[in-house]
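The values are calculated or read from the model by the stated rules, or taken from the named source; none is laboratory data. Not measured: the values here are computed from a predicted model. So basically every Cβ, Gly included, is an ideal-geometry build from the backbone, and we count neighbours across all protein chains shown.
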């Protein structure tokens, strides 16, 4: 996969050049969990562009999800949550160690400048505030204050409609 990417692709931080057919950009995305971290929940592509009226826009595309979850109309069911609020522990029994997808922009307009970057979300893990609450023997921690989903971001790839 890496060899194909280096031979045919544009690295993060690079600029896409389009073929004469002005085909929609295709991103080959691979994410692997930290060896001592939480499993992965899903991959997202964030697309930004400037329209003809010079207004900027961003849209988040869910492009891959762990398990048997299906992405439908850009929505995906939650991954679940294994955080134990009594111990501030969690288990990697949900999610995936890696996610791989090839994604093509379904809304590409070759006349507009754009950028794309990847975001990967982990499964829920305990918040530091939960560890603090347990250390102080507090029992009133709400579930919403007990966990979070860590994220990692890639560098953008740029598309310039009219290169100078």
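Residue 10: closer than 26 Å to residue 97 by Cα and assigned to a loop (DSSP other than H, G, I, E, B), yes or no? When the stated conditions are applied, residue 10 passes them.
Of everything in the stretch 66-75 that's touching a strand residue (DSSP E or B) at 6+ places or on another chain (Cβ under 9 Å) and assigned to a loop (DSSP other than H, G, I, E, B), which residue is surrounded by the fewest Cβ atoms within 10 Å (Cβ to Cβ)?
Ranking the qualifying residues of the stretch 66-75, first place goes to 74.
The criterion of being exposed (fewer than 12 other Cβ atoms within 10 Å of the Cβ) and in contact with a strand residue (DSSP E or B) (Cβ under 6 Å, 6 or more places away or on another chain) does not hold for residue 119. Residues that are over 16 Å from residue 116 (Cβ atoms), without any contact (Cβ under 8 Å) to a residue 40 or more places away in the chain and buried (at least 17 other Cβ atoms within 10 Å of the Cβ) within the stretch 41-65 comprise just one, 65.
Among the residues examined, residue 10 qualifies as within 19 Å of the chain's Cα centre (by Cα), surrounded by 15 or more Cβ atoms within 10 Å (Cβ to Cβ) and at pLDDT below 90.
Can you tell me which residues in the stretch 125-150 are under 18 Å from residue 80 (Cβ atoms) and either in contact with a strand residue (DSSP E or B) (Cβ under 8 Å, 6 or more places away or on another chain) or assigned to a loop (DSSP other than H, G, I, E, B) (or both)? Don't jump to the end; show me each part of the working.
Let us first name the residues in the stretch 125-150 that are under 18 Å from residue 80 (Cβ atoms), namely 125-127, 130, 143-144, 146-150.
125, 126, 127, 130, 146, 147, 148, 149, 150 - these are the residues of the stretch 125-150 that are under 18 Å from residue 80 (Cβ atoms) and either in contact with a strand residue (DSSP E or B) (Cβ under 8 Å, 6 or more places away or on another chain) or assigned to a loop (DSSP other than H, G, I, E, B) (or both).
Scanning the stretch 85-108 for residues being surrounded by 14 or more Cβ atoms within 10 Å (Cβ to Cβ) and either in contact (Cβ under 8 Å) with a residue 60 or more places away in the chain or out of contact with any helix residue (DSSP H, G or I) (no Cβ under 6 Å at 6 or more places or on another chain) (or both) gives a total of 11.
The residue that is surrounded by the most Cβ atoms within 10 Å (Cβ to Cβ), counting only those in the stretch 122-133 that are within 25 Å of residue 33 (Cβ to Cβ) and modelled with pLDDT under 95, is 130.
Name the single residue, out of those in the stretch 83-104 being in a loop (DSSP other than H, G, I, E, B) and within 15 Å of the chain's Cα centre (by Cα), that is farthest from residue 26 (Cα to Cα). Spell out how you get there, then give the answer.
Taking the stretch 83-104 and keeping what is in a loop (DSSP other than H, G, I, E, B), we get 83, 85-88, 90-95, 97.
If we keep only those that are within 15 Å of the chain's Cα centre (by Cα) too, we end up with 95, 97.
Details: 95: 25, 97: 23 Å.
The qualifying residue farthest from residue 26 (Cα to Cα) is 95.
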